Structures are given as structure tokens and as C-alpha cells.
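*Asks:* Have a look at the structure that comes next, please.
Derivation of every value follows stated rules applied to the coordinates shown; laboratory data play no part. Just so it is clear, the model here is predicted, and its values are computed rather than measured. Heads up, the Cβs are rebuilt from the backbone with ideal geometry, glycines too, and the neighbour counts pull from every protein chain shown.
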Amino acid sequence: MRPSMSTPLAAATLAGLLTLTACGGSGSGGDPDGPVSLRVAVWTANDAHLALFDEIADAYIAEHPRVEKITFDPLPFDGYTTALTTQIAGGNAPDLAWIFESSAPDFVSSGALVPLDEVLTETEGYAFDDLLPATTELWSEDGRLFAYPFSTSPFAVFANLDLLAEAGVPTPAEMRGAGEWTWEEVISAASTVAGETGASGMVIRDFDYTGWDYLATLWTGWDARAWDESSVCGFDRPEMVEAMGFLHEAVFEHGALPGPGTSADFFAGEAAYTVTQISRASLLEEAGFAWDLLPLPAGPAGEYAVIGQAGLGVLRVGDHPDIAADFLAHFTAPENSAELAQYFPPPRASQLTAETLASSNPLLTEEQLRETVVAGTVSGVVKPSHLGQEQIAQTVRAQLDALWRPDADVPAVLGDVCGAVQPLLDR
Amino acid sequence: MSSPRGGHRFWTGRRREVLAGYLFVAPQLIGSLVFVLLPLGLVFWYSLHEWNVLAGTFEFTGLDNYDALLNDPALPGVLAATGVFSVGLVVFNLSLALWLALMLNRRLAGTTFFRTVFFSPVVVSLVAWTIVWRFLLQENGGVNGLLDLVGMTGPNWLRGEGTAMLSVIVVQVFKNVGLNMVLFLAALQGVPRELYEAATVDGAGRWRRFRSITVPMISPTILLTSIITVVGSLQVFAQIDVLTSGGPGTSTTVLVYYLYQQAFQFHHFGYGATLSVLLFAIVFVLTFVQWQLRKKWVFHEQ
């Protein structure tokens with residue numbers, strides 16, 4: 001290898017990073033009556049989910065001869081939005097895409113998505129008014145709906161009953177019955193489990209000391225918020241300082257949560273409790289332990305619920321946005337929505353009952369569903385999101401890194417978070 | 001009377017030769033044009049624009065991105081992290097590679113085995129290699145487990161401000177040190193034995209022989225490996241993404257990772273392009289400086 005080649009080679013690699021994706025063609029948009037194929041970007045790679053999607057899509061293709069193919073294209077959950085925007089930048093955008101609740105403001109207000117109200121209201125038998133306002137709020141702007149709240153999944157606590165019994169800790173149901181289903185008590189129980197069994201106590205799933213927005217499942221119990229409606233940073237408020245102080249103590253003094261840089265998977269039996277979305281229940285099919293599902297424990301501010309959402313939107317840059325929107329109307333029509341409900345809690349008031357959910361959710365009881373899904377979806381707070389979410393998320397993450405060490409000064413760090421993030425919130 | 005016929009013939013020997021020559025270089029030339037020069041030009045072009053992928057807007061903004069670059073409060077930290085990483089990597093990588101090459105250049109049993117062992121990480125997939133190291137470097141991971149055996153408590157490698165950068169450097173050095181080691185080995189084996197014999201006769205010790213014979217004789221290879229390693233160190237991305245995601249804080253956010261964040265995560269493609277122009281300039285200047293300095297210290301260039 002000649003050394004003189006290194007410079008252009010280096011440049012090529014870097015230049016390629018930005019441009020290879022941007023040189024792609026614009027696709028086959030030419031023929032107005034030609035055959036159409038649609039691609040839907042999703043982040044589930046679960047076979048059962050994809051089989052159900054294909055089944056619904058096949059029925060649509062049978063009725064619409066012009067549509068010859070509908071592909072559901074799973075992109076990895078980690079870095080999903082980055083992969084999606086890279087595809088858009090590269091001229092290889094999918095026709096429809098799932099969108100994380102955290103990216104909702106970015107997608108909704110950028111004009112990247114096609115408004116859906118007309119096509120949905122005009123579709124026969126769609127019952128547009130059945131959609132709960134609590135579920136569509138995040139996906140609407142100026143009274144128009146830009147994405148369908150495809151999955152509205154509340155966060156709940158799964159408990160490993162075997163580990164709790166081993167540590168001699170009361171079951172969640174007993175704690176709940178005694179009015180002790182509070183963060184204070186749960187953390188104390190988690191700490192006991194960690195001490196007695198060597199397993200981990202509580203795992204806030206996907207947090208891992210980087211995905212801080214998952215902590216909304218805790219701090220909402222203190223009435224704390226990352227920021228308010230007028231984009232004022234809430235990290236330095238007393239409620240947040242108290243909630244984060246509680247978490248810091250739970251991690252570094254009580255050992256109730258695995259520390260930074262330590263991994264523990266509840267679904268592999270490595271932790272007593274985990275906070276995650278109900279949709280993860282499918283991971284328990286082969287669990288080798290007894291478990292229970294409960295709503296989030298109460299915080300000092302009382303009981304509360306937090307929901308995560310996935311929206312389904314039609315991208316404006318696709319070749320056939322009108323056909324894609326028509327397919328979306330079919331995909332989410334009442335009868336298909338009822339089918340999808342076994343994996344994805346629906347936004348329809350008529351279907352969001354414990355009875356209908358229980359009939360398609362063999363793993364969960366009616367009571368578990370009523371207390372977590374039904375109640376949570378109607379009253380839940382959606383995880384924090386804002387315009388420019390990714391940059392805000394990275395900035396907060398970088399500042400919060402200072403909090404995840406034993407000697408951290410909690411109020412000072414949280415003050416720094418606001419100092420760094422407020423300019424981004426003001427944009 | 002053959003001259004009129006010869007004058008009309010198009011495919012003269014010379015022209016054939018020229019055509020053959022162009023055909024031979026065509027694959028390389030077309031490749032460079034399409035995959036090197038064109039993208040490079042486009043990056044400059046994009047850097048003059050505000051490109052919002054989601055909104056689908058692409059507006060000419062002149063030098064606004066360059067203005068933003070000069071006023072970016074995060075940039076000094078990013079450049080400092082890049083500098084620490086590059087210097088650490090180059091020094092550690094080259095000295096370890098040279099040391100390994102010297103050790104393995106002896107005629108001892110097992111050297112072939114160890115050469116293979118040290119070279120094998122070079123052919124392992126980068127991401128797979130890095131993910132394994134992430135597990136090893138966790139607080140309850142293999143590295144601390146080993147330290148525990150000898151009664152030491154290891155730090156939380158990927159979470160500590162200083163240890164995170166150190167970890168990224170070491171993981172990267174172990175990945176690529178084999179390549180430089182092989183290059184050094186080849187160079188060492190090209191050093192004529194007579195020189196050492198003559199020096200020994202003259203009474204030169206080991207250190208003297210190393211300094212006055214080995215280093216000058218392999219200096220062209222030292223130049224080559226240092227350029228490759230410096231350029232490679234400026235392009236580090238996957239290791240950072242997998243091991244630290246630029247944290248803790250922003251202590252391991254190097255230039256390419258920052259570029260990735262700006263372009264692909266924050267959707268500032270225009271500014272991302274501007275950062276890659278900056279990176280290009282840095283690589284260009286560094287390579288140019290090294291190339292110029294060779295006259296001062298590379299043996300055959302004097």
C-alpha cells in the first residue's frame with residue numbers, strides 16, 4: 001500500500017458516509033396506473049407480529065389488484081429513528097413507518113407525514129370518533145392527525161415471584177392489598193432481594209443509565225416532569241430533585257437497582273422486578289419462573305400511569321402516499337384493530353376494555369389488563385418528547401452521566417442539566 | 001510505397017498502447033471518480049446548505065455552517081477528545097507493535113503461533129470484537145473478575161471519565177496492533193544481518209544497535225504505519241458507538257462520532273457535511289506534515 005493513497009482513502013470513507021446514501025434514485029414513481037408495492041418500516045422482528053401484519057396486508061392486496069406487494073421491513077429497535085431518517089435522506093424512504101413517541105414532535109411538525117383525517121373519516125365503517133383523544137394528542141397538530149396511535153402501551157411492573165419468595169419478601173399482590181405498593185416499599189423489597197439472593201432487585205428496562213426518558217416511569221410518581229408545556233426545563237425543580245435523589249440512594253446506598261455498567265435481564269430471571277411496557281409480556285411465554293403484573297407503584301404524589309406509544313404514519317416523500325394512506329385506513333380499521341389488539345393495545349374506546357383485551361391476551365388476566373392497560377391508556381402521561389428530541393436526549397444524557405456515581409451532588413447535577421438543555425428547548 | 005496506407009491506419013501501435021493503458025487504469029480511475037472525488041465534491045456542496053431531511057428542505061445558506069462551526073461551543077471538547085484518542089492510539093499502537101515485532105523476530109519455538117494470535121484480531125469483525133470487549137469491561141465483567149482474583153477492585157471502565165477513553169484506546173489498539181506488527185516484522189527481516197555483525201565487532205551494545213541500525217533501517221515502515229494509524233485513529237466510530245456512545249459526559253465524543261450525531265441523529269446534514277470537511281482538512285494537513293517531515297528522519301529519503 002502506498003502511503004500517498006491514505007488521504008483520498010480517508011476522505012472517501014468520510015465522504016461516503018454522508019453521500020452514498022444521498023445518491024440513491026427516487027424510485028419508480030413514474031407510471032400513474034402501474035403496479036404499486038408498499039414498504040412499511042417497523043421495529044418489531046417478532047414472527048407472530050409480522051405474520052399477523054402479512055395476513056392483514058394480503059387481504060388488502062386481494063381487494064386492490066393494483067397493489068402487488070406490501071412488505072413489512074423490520075429495522076433494529078436501537079437506532080430505529082436514525083436508520084429511518086437515513087433511508088429518507090438516501091431517497092429510499094419507506095411508504096409507511098412506525099414512529100417512536102419521542103420522535104413524534106419532530107415528525108409531526110416537520111411536514112414529513114401526510115395528514116390522515118380525511119382518508120380515515122371517509123373510509124366506510126372506520127369509526128374515526130372511536131379513537132381516544134388521549135392517544136391521538138401527541139400525533140396531532142393544528143387539529144389534524146398525522147399518525148395513527150398504533151400501539152399505546154402503558155408501563156407496568158413485572159415481578160418474579162420465585163425470587164421474591166426466595167428472599168422472603170411479600171408478593172406484590174400482598175403489598176398492594178396492604179396499601180404498600182409504593183416506590184418506597186418496592187425499593188426496600190428490591191434491596192432485600194439483591195442482598196439475599198444475589199440477583200438484581202429492580203430493573204428499569206432500557207434505561208441502562210443512558211435512556212433517561214424511561215425514568216419518567218419513576219419521577220411521574222413525584223409529579224416531576226422533564227419539561228412543561230411551555231418548554232421550561234423541569235430537572236431542577238424540587239419534585240425532580242427529590243425523585244432523582246430517591247433513585248440515586250436506591251442505586252448507590254441500597255443496591256436496589258443494578259449500578260451503571262452492570263446488566264441484568266428480568267426476562268432471563270436475573271431480577272426481582274422490572275418496569276417495562278405490557279407489550280413485553282410476550283417475552284414471558286417461556287419464562288421459567290412464576291410472575292405477576294401490576295401497575296406502577298405509587299409515588300409521594302399518589303398513583304399514576306405512564307404510556308409509551310408507537311405511531312404509524314405515511315411519509316410524504318413516498319411514491320404513492322395516497323395508496324399508502326388508504327392501506328393505513330384498512331390496516332387500522334375496527335376489525336383489524338381488534339386483531340392487532342392481542343399485541344398492540346388499541347386506541348379505540350370500544351376495544352380498550354379488559355374483556356376484549358383478555359380474549360386475545362392469553363398471558364394476562366382480565367384484572368391485570370384492567371388495572372394496567374385500560375386505566376393506564378386513558379389516564380397515562382406519555383414519555384417526554386420535544387422538537388429536536390435526539391439532541392435534547394443526548395445533551396441530558398451527557399449531563400446526567402455525572403449523577404451516576406456514588407458521590408454525586410444531585411441538585412447541582414440537575415441544575416447543570418437545565419443549564420445545558422434550556423437553550424435547546426427554547427429553539 | 002507503404003506510407004499512405006500507414007498514415008490512414010487509425011490503430012497504430014502507439015494508440016493501441018495508450019488505449020490498453022487507459023483500459024487498465026479505468027477500473028481504478030472510475031472507482032476513484034465515483035466513490036472518492038464525486039462524494040468529496042458533494043460533501044463540500046452539502047456543507048453550504050441547510051438540509052432538513054424530515055421536512056425535505058435543502059436550502060443554500062452560503063457559509064452559515066462554517067460560521068456555526070467556528071462558534072460551536074461543543075467543538076473544542078470534541079477536538080480535544082479526538083486529539084487525546086489519536087495521540088494515545090498512535091503512541092500505544094506503534095510502540096506495542098514494534099515491541100511485539102522485535103520479540104517475534106527471534107528464532108524461538110512458538111513465534112509463528114504467537115504471530116497468528118496477535119494478528120487474528122485484525123480479521124475479526126470490528127463490531128463483534130467491540131461488543132465482546134463491552135461485556136468484558138462492564139463493572140461486573142471479565143476484566144474486573146480477573147482483577148478480583150488477584151485481590152484488586154477494578155474501576156467501572158466504560159463509565160469513568162478517564163478510564164472510558166483509556167478503554168476505547170486499548171480495545172482499538174488490540175484490534176489493529178497485529179497489522180502494524182506484521183509490517184514491522186517484514187521490515188525487520190529486511191535489515192541486513194551483516195550490519196549487526198559489523199556493529200557487534202565494533203563493540204555496539206543492544207540499545208546502540210537498535211537505535212543506530214534497526215530504527216533507521218525500518219524508518220520507512222515507521223512512516224507508513226504512523227500515517228495509516230493517525231488517519232485510522234481520526235476515523236474511529238464503531239468502537240465509540242458500541243462502547244461508550246460518546247460518554248460519560250462527552251469525554252469520548254470524537255470528531256467522527258460528533259459528525260454522526262449531528263447528521264444522522266440530530267438531522268443536521270448540512271452541518272454534518274461541514275464537520276466532515278473539517279475532518280478532511282485535518283487529515284490532509286497531518287498527512288502532508290508527516291510526508292514533509294520524512295526527509296528529516298526517514299533513512300532512505302535523506
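*Asks:* Sequence-distant or interchain residues sharing an amide H contact under 5 Å with residue A:316, placed H: which?
*Replies:* Correct list: A:113, A:114.
*Asks:* Subtracting the Cα-Cα distance from 0.36 nm times the residue separation, let me have the gained length for residue A:365 to residue A:64 in nm, one decimal. Please report the intermediate quantities before stating the final value.
*Replies:* Values: separation 301, 0.36 × 301 = 108.36 nm, distance 3.87 nm.
Full extension from residue A:365 to residue A:64 adds 104.5 nm.
*Asks:* Quick one: Kirkwood hydrodynamic radius for region A:152-269, alpha-carbon pairs, angstrom, one decimal?
*Replies:* On the way: mean 1/r = 0.0659 Å⁻¹.
Computed over region A:152-269, the radius equals 15.2 Å.
*Asks:* Where the Cα atoms of region A:261-309 are projected onto their three principal axes, how long is each span, largest first, in whole Å?
*Replies:* Dimensions of region A:261-309 along the principal axes of its Cα atoms: 35, 26, 23 Å.
*Asks:* Using the 2.2 N^0.38 Å rule of thumb for compact globular proteins, work out how region B:1-155 stacks up: its C-alpha Rg over that value, please.
*Replies:* Computed over Cα atoms of region B:1-155, the ratio equals 1.90.
*Asks:* For chain B, set up a GNM with springs between Cα atoms under 10 Å and report which of B:17, B:59, B:161 has the largest fluctuation.
*Replies:* B:17
*Asks:* Could I ask something else about it? If you split all Cα-Cα distances of region A:108-192 into 5 Å bins from zero, what percentages do you get per bin, shortest first?
*Replies:* Bins of 5 Å from zero give 3, 11, 17, 14, 7, 5, 7, 9, 11, 11, 5, 1 percent of pairs.
*Asks:* Quote the Stokes-Einstein diffusion coefficient, in whole µm² s⁻¹, for region B:175-297, based on the Kirkwood radius over alpha carbon pairs, a temperature of 4 °C and a viscosity of 1.567 mPa s. Please list the in-between numbers first.
*Replies:* Working: Rh = 17.5 Å.
After rounding, the answer is 74 µm²/s.
*Asks:* Less than 19 Å from a label point 7 Å out along the Cα-to-Cβ axis of residue B:195: which backbone N atoms in region B:263-302 qualify, by residue?
*Replies:* Residues B:294-302 qualify, since their backbone N sits under 19 Å from the label point.
*Asks:* Still on this structure, I have one more. Gaussian network model of chain A, Cα springs within a sub-10 Å range: biggest mean-square fluctuation belongs to which of A:347, A:321, A:406?
*Replies:* Residue with maximal mean-square fluctuation among A:347, A:321, A:406: A:406.
*Asks:* Suppose R0 equals 22 Å; then what is the FRET efficiency for residue A:232 and residue A:141 from their Cβ-Cβ distance, rounded to the nearest 0.05?
*Replies:* Values: r = 21 Å, r/R0 = 0.94.
Approximately 0.60, to the nearest 0.05.
*Asks:* Sticking with this structure for a sec: Quick query: amide H of residue A:205 versus all other amide H atoms, modeled in the peptide plane; which residues come in under 5 Å with a sequence gap of 5 or more or a different chain?
*Replies:* Under 5 Å from the amide H of residue A:205: A:275.
*Asks:* List, in order, the whole-Hz ³J(HN,Hα) value for each residue of region A:211-224 obtained from phi through the Karplus relation with A = 6.51, B = -1.76, C = 1.60 and θ = phi - 60°; use x for Gly and Pro.
*Replies:* x, 4, 5, 5, 6, 4, 5, 9, 5, 4, x, 9, 6, 8
*Asks:* Gaussian network model of chain A, Cα springs within a sub-10 Å range: biggest mean-square fluctuation belongs to which of A:136, A:85, A:192?
*Replies:* Result for chain A, Cα springs under 10 Å: A:85 fluctuates most.
*Asks:* Any idea what the dipole of region B:75-301 comes to, in debye rounded to 20, about its Cα centre with Lys/Arg Cβ at +1 and Asp/Glu Cβ at -1?
*Replies:* Working: 14 positive and 8 negative charges, 128 e Å.
My answer is approximately 620 debye.
*Asks:* Scan chain B and note any complete DSSP helix (H) whose C-alpha atoms cover at least 24 Å along its axis and whose Kyte-Doolittle average is -0.5 or more. Can you show the working numbers first?
*Replies:* Numbers: long enough: B:13-32 (28 Å, 0.27); B:75-104 (42 Å, 2.01); B:161-189 (42 Å, 1.37); B:215-234 (28 Å, 1.79); B:269-297 (41 Å, 1.02).
Helices meeting the span and hydropathy rule in chain B are B:13-32, B:75-104, B:161-189, B:215-234, B:269-297.
*Asks:* Something else: Which value in Å does the Kirkwood hydrodynamic radius of the protein assembly as shown take, with 1/r averaged over all unlike C-alpha pairs and then inverted? Spell out each step's value before the answer.
*Replies:* Values: mean 1/r = 0.0341 Å⁻¹.
Value: 29.3 Å, from the Cα pair sum.
*Asks:* Given N residues in chain B, what is Rg(Cα) / (2.2 N^0.38 Å)? Let's see the in-between values first.
*Replies:* Working: Rg = 25.4 Å, N = 302, 2.2 N^0.38 = 19.3 Å.
Normalised by 2.2 N^0.38 Å, the Cα Rg of chain B equals 1.32.
*Asks:* As a test of the formula, what do you get for the protein assembly as shown when each DSSP H run with n ≥ 4 contributes -39,500 (n - 2.57) and the sum is divided by the residue count, at 222 nm and rounded to the nearest 500 deg cm²/dmol? Please list the in-between numbers first.
*Replies:* On the way: 33 runs with 376 residues, N = 729.
My calculation for the protein assembly as shown gives -16000 deg cm²/dmol from helical runs alone.
*Asks:* What distance in nm separates the simple spin-label points at residue A:286 and residue B:114, each placed 7 Å from Cα in the Cβ direction?
*Replies:* Here the modelled spin labels are 4.4 nm apart.
*Asks:* Taking H as built 1.01 Å from N, whose amide H comes closer than 5 Å to the amide H of residue A:141, not counting residues under 5 places away?
*Replies:* Result for residue A:141 returns A:146.
*Asks:* Here is a further query. When Rg is the radius of gyration of the Cα atoms in chain A and Rh is its Kirkwood radius, what does Rg/Rh come to? Numbers along the way, then the final one.
*Replies:* Details: Rg = 23.1 Å, Rh = 23.2 Å.
With Rg and the Kirkwood Rh in hand, the quotient comes to 0.99.
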